[in-house]
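Single-structure report; data block below.
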Amino acid sequence: MAEFKDTIRAAGGRLDYLFQPDGRLAYQISGDMRALYMVAVSMDGSHFLDEVPAVGIGGTAVYRQPSVVAYVQSDEQGMWGRNCPACERYFRTTHISHDSVCPYCARSAPSLTFISKAQRTYIAASYDAWARAMYTHKNTSLSLDDVTDKTPAWHYSEEKQQTHFKCKTDRCGVETDILGIYGFCPRCGRTNARAAFSDVINRMLTRWDETKKTVTDRERRAEIWADLTVKSVTELETLAKHLRRRLLIFPMTRKRREELEALNFQSPLEAGVFLRQWFDIGIVEWGGNATAPPRAFKDTEFPFIKKMLQRRHLLIHNSGVVDEDYLKLSGDTQARLHEQIRIPSNEARHFVELVTEMGINLLDGIELGIVEAK
Ligand SMILES: [Zn+2]
Ligand SMILES: [Zn+2]
């Protein structure tokens with residue numbers, strides 16, 4: 001399996017433009033190709049008209065005419081590089097037709113506008129080969145299987161990204177490679193976060209179980225309970241920032257946009273109050289729909305959550321040593337000034353579970369709660 005930033009070769013293949021006695025050009029594709037898509041280029045080569053998956057023998061691809069067709073083959077893994085027209089970030093995917101959603105910024109645009117820079121170069125070379133065949137009345141060919149070819153513009157290779165995910169939405173199944181952990185499916189727009197977030201949380205809970213079983217040193221255990229307390233909220237914050245992209249694509253005033261961008265998910269209870277006011281989306285509750293019944297945190301959990309969030313703050317900024325602010329804000333009546341706090345194992349675990357619920361509430365609120373206008 002290729003690693004991050006490895007260059008992935010285009011699959012080997014060759015495209016011939018064959019000049020016909022009647023003055024027309026025929027295409028012939030040969031070699032070892034994983035997948036192809038077609039780009040219909042305007043006759044003068046100045047712009048792209050359509051992007052459609054290539055069809056097999058006997059099939060008919062529907063695209064705008066008249067046009068010159070460039071065939072873009074996938075890399076060895078059957079995917080194509082894309083650059084988002086809005087945020088310009090790069091990803092790879094198996095989805096290239098109709099509209100695409102950017103996995104990073106969630107904005108949607110015609111797939112044509114996502115064609116990567118490398119492919120644009122290749123398509124231009126393809127158009128040039130066509131034009132040469134057309135005007136010199138000679139066959140020309142584009143060979144893609146030799147990386148050391150003297151005409152590198154005819155080759156393109158795509159960069160392997162960090163996270164590979166296959167969309168779990170019914171009848172979607174599009175595969176995508178992104179930088180980072182969370183991304184939206186380029187075809188259906190659903191996030192991969194439901195599975196990815198639960199993986200992260202499961203790893204934390206497994207670490208808790210293993211520590212409980214195998215680590216006897218008191219100091220070492222305390223470090224791990226502290227670490228889980230800190231990390232759980234960091235994970236929630238990463239998830240929430242990703243999901244916020246979906247909210248940021250809605251039209252809103254400049255002031256509201258700035259406020260939403262500035263929302264701090266390290267204080268999830270406060271952030272949740274604003275999300276409730278602005279979008280009717282909760283962090284400590286989910287309003288429910290036909291398939292997922294409503295949920296809400298019990299009132300008795302809030303003092304505990306507040307205390308744990310203050311403990312987390314103390315761990316990050318003061319090595320866990322109790323200060324005046326902590327005594328004022330945490331509601332912790334056991335702690336003494338200047339002592340180092342210790343988080344009991346069961347409290348660390350319970351906190352991870354509550355933070356997980358917050359993440360799932362947010363996921364449900366944004367993915368299931370928002371409905372289209374009728
Ligand atoms: Zn984008
Ligand atoms: Zn999908």
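Tabulated results
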{"item": "Distance between modelled label sites at H164 and R220, nm, 7 Å Cα→Cβ extension", "result": "3.5"}
{"item": "Per residue convex hull volume, Cα atoms of the range 274-335, in Å³", "result": "117"}
{"item": "Extension gain from R34 to L179, taking 0.36 nm per residue of separation minus the Cα-Cα distance", "result": "49.9 nm"}
{"item": "Overall dimensions of the range 193-367 as given by Cα atoms, namely Rg and Dmax in Å", "result": "17.1, 55"}
{"item": "The chain: Cα Rg divided by the 2.2 N^0.38 Å rule of thumb", "result": "1.28"}
{"item": "Spatial separation of Cα centroids for the range 257-291 and the range 322-368, in angstrom", "result": "18"}
{"item": "Efficiency of FRET from Cβ geometry, M43 and R295, R₀ 56 Å, rounded to 0.05", "result": "0.45"}
{"item": "Count of lysine pairs in the range 219-353 with Cα separation under 27 Å (8 or more residues apart, or interchain)", "result": "14"}
{"item": "Peptide ranges 201-208, 106-113 listed from the most packed, as the mean C-beta count within 10 angstrom indicates", "result": "106-113, 201-208"}
{"item": "Per-residue HN-Hα couplings for the range 358-374 [Karplus 6.51, -1.76, 1.60; θ = phi - 60°; Hz; x = Gly/Pro]", "result": "4, x, 5, 4, 5, 4, 5, x, 7, 8, 9, x, 7, 10, 6, 5, 8"}
{"item": "Exposed GluC sites (Glu not before Pro) absent - longest run of the chain, DSSP non-H/G/I/E/B, at most 10 other C-beta within 10 Å", "result": "4-371"}
{"item": "Extension reserve of the L205-Q340 stretch, reckoned as 0.36 nm per residue once the Cα distance is removed", "result": "46.2 nm"}
{"item": "Relative contact order (%) - criterion: Cα under 8 Å, at least six apart; region: the chain", "result": "14"}
{"item": "FRET efficiency for I370 and R132, using Cβ-Cβ distance with R0 set to 41 Å, rounded to 0.05", "result": "0.20"}
{"item": "Full-stretch length increase - R89, C172 - with 0.36 nm per residue and alpha-carbon distance subtracted", "result": "27.6 nm"}
{"item": "Net dipole in debye of the chain [+1 Lys, Arg Cβ; -1 Asp, Glu Cβ; about Cα centre; nearest 20]", "result": "360"}
{"item": "Efficiency of FRET from Cβ geometry, E353 and F279, R₀ 30 Å, rounded to 0.05", "result": "0.75"}
{"item": "Largest to smallest principal axis extent of the C-alpha atoms in the range 47-99, angstrom", "result": "36, 27, 17"}
{"item": "Taking F165, F279 and counting other C-beta atoms within 10 Å, the order from fewest to most", "result": "F279, F165"}
{"item": "Other-chain or far-sequence residues with amide H under 5 Å of L142's (modelled H)", "result": "L15, D16, Y17"}
{"item": "Three-way shape label, the range 174-259, alpha-carbon gyration tensor, a/c 1.5", "result": "oblate"}
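No lab work stands behind these numbers, since they all come straight from the coordinates. It should be emphasised that the depicted structure is a prediction, and the values quoted were computed from it without experimental measurement. Cβ coordinates were reconstructed from backbone atoms using ideal geometry, including for glycine residues, and neighbour counts include every protein chain displayed.
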